[in-house]
Structures are given as C-alpha cells and as structure tokens.
Amino acid sequence: MLFPQFHIDKIRQQDKRDLARFDIAYQLPDHFLPEFPPAIFLTTRPDLGDVSKGQVVTNDNFYEIFNGILNPKQLDGLRLLVRPTMQQQFNATADRRSERPSFGVTCFDCHVNGHTNAATHLVGDIRPQENRRRIDTPSLRGVNIQRLFGSQRALKTIEDFTEFEQRAAYFDGDPVTATKKGVTILERGSEVHVMSEFQAILDFPPAPKLDLFGRLDPTKASEAELRGEQLFHGKGKCGSCHVPPYYTDNLMHNLKAERFYEPRNILGRLSVAEGPIKTFPLRGIKESGPYLHDGRLLTLADTVEFFNLVLGTKLTEAEKADVVAFLLTL
C-alpha cells in the first residue's frame, strides 16, 4: 500500500497519523493524479453539490460536515470508513513499514472522500512475488450500479468487498499475520451494512451535457464532442462494453494484450497473460486517472491509443482527439 505525498502530508497535518513508508516512495507526478481533495456528490442530495466543500473527510471532521445531511445509519457507516485499522504495512508491531507504531489506515485513505487518490498496492498473497500485479485504487463513486468488486472481481456486492478488505486484503490474505498485527473483524449485519449504505449513495460528478439516457445533448455539446460520441459508439468500438448511461456493462472482457509481447520481467513484474478485466464505468472518468486496472495509462489520450492498438480500430489522430473530447464530457 503506497500513498501520494500530498495525501501523506494532509493526513499528518489533519489526523496526526503518518502514512509514509520508509522502504518505498510514490513515483507518479502529481499532474497525472486525481484532483485533491476530490468533491463528494450524493445521490440523495444532488442539490448540495460538493458536500465536502474542499475538505479531506477524516475522523477529525466527518461529523461536523455530514451531521444533518446523512441519516444515522449512513453517518455511522461513514464513521467506520474513516476509522483507522491495522494493516500489513501500517500497524503497531515490529513487522511494519512505518517509522513509528501506527494506528493503521482507513478506507478513505485510499478512497479519499469516497473517490480515489491513485494510491496503489499489490494484489494479495500471490507467490512468487513477480507474479503479483499492481492495482490502482478505483473510485467508489457509483458503486451502487456496479456488480463486480475486488482485484479478482470475485466479490459480487459492495458489502462483500467491504468485509473482504479488512479481513483479507489488508493482510495479503494471511490470517496468521492478521491475527498477530491486529485484524479488525467487521460485523456483517451492522458494521458492514452501514458502511455499504453510505458507499451506495456516492454519486458520479455532474455531467451537464448528457441527457437522461447518458447521451450528449446536441444543443449543449461541441462539434468535436459529438463527433467523438459517434466514434465511441461506432468505429472506436468503445460502446460495445461501455454502455450508457453509466458506460459499463458490469462484465469482464479479455483483451488478450499478450498478443503483442513475449512474457518477460519488467521492473520486477512478470508481464504475462492477464485474463479478463472489469469494464469500469466511464462516468466521471476525467477525474479518475491514471487508467486501466493497474494505472499503466497516465492520460485519457494514452487510454484511447491503447485501445486503438489492442482493438485494431485504426483511428486517425483527429478521431482520437475527438474521442478524448467526448470522454471529458462524461
């Protein structure tokens, strides 16, 4: 688990916890990462706009911000999402990656304000080490319309994902290590439920150029955006998987990218066939970089070019620019 420096600094200042690791540092430049702190939009209160009002929501301020906006169960769920718990690298034992004993991490340390700060970690306890894959932190916005969760997409509900994270993923799936370091077992009927109830009202950001069906309103969109929409659903083949209004089909698809390279070790990671990957929702995609499941694509332009090559759509430079213009409206 690895956090951007700006988030480490903010949490150290606001919550008096230290998320810095002594053994490794974050590498991606800030301008490729999501805006910080991200806005919070609620399906239950669209009239409020950004509920966070520019603040990072932590245990220090969640009650002050959300009291009177959330019902008691949702407020309790948010409390649990900003409560620190022990984790593989951040704990009170000698086997940790923090300089001082730590209270641990919170769900909102990676999914800051219910979105993402592009924190990264490795998929669970897979051996040998080179077979472990980097996982980019996805946004929690719109989880109410999603059906597949977790690095292996084996979890079918946000409740399953919430429970799994602290029981297994936080400790690389090792129950012995979890017991030693201080695993927090969530009670399904109350704690998991209320955490999920709050997550389920996290909304996508507004998209004023889209109509009720998730398509562009011709009276509001530019010519480039309209051309991009046509390419998205036509020549570019994007709409085959990313279906309006949320631009996902809630399925898995195998891109078979291994067609383009021989298995080899790249920076300590073995590049091999990866199998099916999740169709992530594209609503609000401009605020969720870097892209793909492992963050290998830094910009939307990189992403369009990647699929242009993998799918063999032969988009021209002008057409790729139009598709990016369309993605920026979602």
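Taking the options Lys320, Lys286, Lys220, name whichever one is part of a loop (DSSP other than H, G, I, E, B) and without any contact (Cβ under 8 Å) to a residue 60 or more places away in the chain.
Lys220
When residues in segment 88-120 are screened for being of a type in the set (Ser, Thr, Tyr) and over 18 Å from His293 (Cα atoms), 4 of them pass. For segment 156-211, a residue qualifies if it is farther than 25 Å from Gln89 by Cβ, within 19 Å of the chain's Cα centre (by Cα) and among the acidic types (Asp, Glu), and the qualifying residues are Glu159, Glu197, Asp203.
For segment 295-330, which positions are of a type in the set (Asp, Glu) and more than 27 Å from His121 (Cα to Cα)? Correct list: Glu317, Glu319, Asp322.
List the pairs whose first member sits in segment 110-130 and is in contact (Cβ under 8 Å) with a residue 12 or more places away in the chain, whose second member is in a loop (DSSP other than H, G, I, E, B) and of a type in the set (S, T, N, Q), and whose Cβ atoms are under 6 Å apart, counting only residues at least 6 apart or on separate chains? Every condition considered, the pairs that remain are Cys110/Thr137; Asn113/Ser52; His115/Ser139; Thr116/Thr137; Thr116/Ser139; Ala119/Thr137; Val123/Ser151. For segment 139-177, filtering for residues that are among the basic types (Lys, Arg) and either over 22 Å from Gly284 (Cα atoms) or in a helix (DSSP H, G or I) (or both) leaves 2.
For segment 10-39, the set of residues classified as within 25 Å of Thr299 (Cα to Cα) and either without any contact (Cβ under 8 Å) to a residue 24 or more places away in the chain or touching a strand residue (DSSP E or B) at 6+ places or on another chain (Cβ under 7 Å) (or both) consists of Ile24, Ala25, Tyr26, Gln27, Pro29, His31, listed by residue number.
For (1) part of a strand (DSSP E or B); (2) modelled with pLDDT under 90; (3) assigned by TED's automatic domain parsing to the domain that holds Tyr247; (4) crowded, with 19+ Cβ neighbours inside 10 Å, each residue gets a yes or a no:
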residue	(1), (2), (3), (4)
Gly275	no, yes, yes, no
Asp294	no, yes, yes, no
Thr303	no, no, yes, yes
Val310	no, no, yes, no
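Checked against (1) among the polar types (S, T, N, Q); (2) in contact with a Phe, Trp or Tyr (Cβ under 6 Å, 6 or more places away or on another chain); (3) surrounded by fewer than 14 Cβ atoms within 10 Å (Cβ to Cβ), Gln87 passes all but a single condition, namely (3).
Restrict the check to segment 71-79 and report whether at least one residue is surrounded by fewer than 18 Cβ atoms within 10 Å (Cβ to Cβ) and not in a helix (DSSP H, G or I). Within segment 71-79, one or more residues are surrounded by fewer than 18 Cβ atoms within 10 Å (Cβ to Cβ) and not in a helix (DSSP H, G or I).
If you check Thr116, Thr120, Thr58 for being crowded, with 17+ Cβ neighbours inside 10 Å and modelled with pLDDT under 95, only one passes: Thr120.
Based on what the data block shows, is Phe213 in a loop (DSSP other than H, G, I, E, B), over 24 Å from Ala118 (Cα atoms) and aromatic (Phe, Trp, Tyr)? For Phe213, the condition - in a loop (DSSP other than H, G, I, E, B), over 24 Å from Ala118 (Cα atoms) and aromatic (Phe, Trp, Tyr) - is met.
The values are calculated or read from the model by the stated rules, or taken from the named source; none is laboratory data. All of these numbers come straight from a predicted model, not from anything done at the bench. Cβ sites come from the backbone with ideal geometry, for glycine too, and all protein chains shown count toward neighbours.
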